Amino acid sequence: MSKGHGPPGDTTAYPMGRNVFMRTVKETIHAVRTRDISAVESVRASLAAIGQHDGKLGAFLSVSEDHALE
């Protein structure tokens with residue numbers, strides 16, 4: 001899937017297909033269980049979103065990508 005960097009709400013911005021901020025935990029769990037996405041894809045999508053938006057938001061003190069993917 002495409003890893004574009006479109007405007008907010010752009011469904012191609014993250015590999016999960018739907019903007020990671022718009023997907024609930026319940027939807028994510030269902031997608032992983034039904035193998036629509038993998039857990040690794042979900043984590044990578046979240047990390048991509050953090051990387052794209054945290055500079056402006058400043059919501060995270062630190063992000064450990066390596067530990068998140070272990």
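Computed from label points 7 Å out along Cα-Cβ, the spacing between D54 and S38 is 2.3 nm.
Karplus-derived 3J(HN,Hα) values for region 51-64, using 6.51 cos²θ - 1.76 cosθ + 1.60 with θ = phi - 60°, are x, 6, 10, 5, x, 7, 7, x, 7, 10, 6, 7, 10, 10 Hz; glycine and proline are entered as x.
Read-outs: derived from the displayed coordinates by stated rules, not from any lab. A quick note: this is a predicted structure, and the numbers were derived from the prediction, not measured. Cβ: placed from backbone, ideal geometry, glycine included. Neighbour counts: every protein chain shown.
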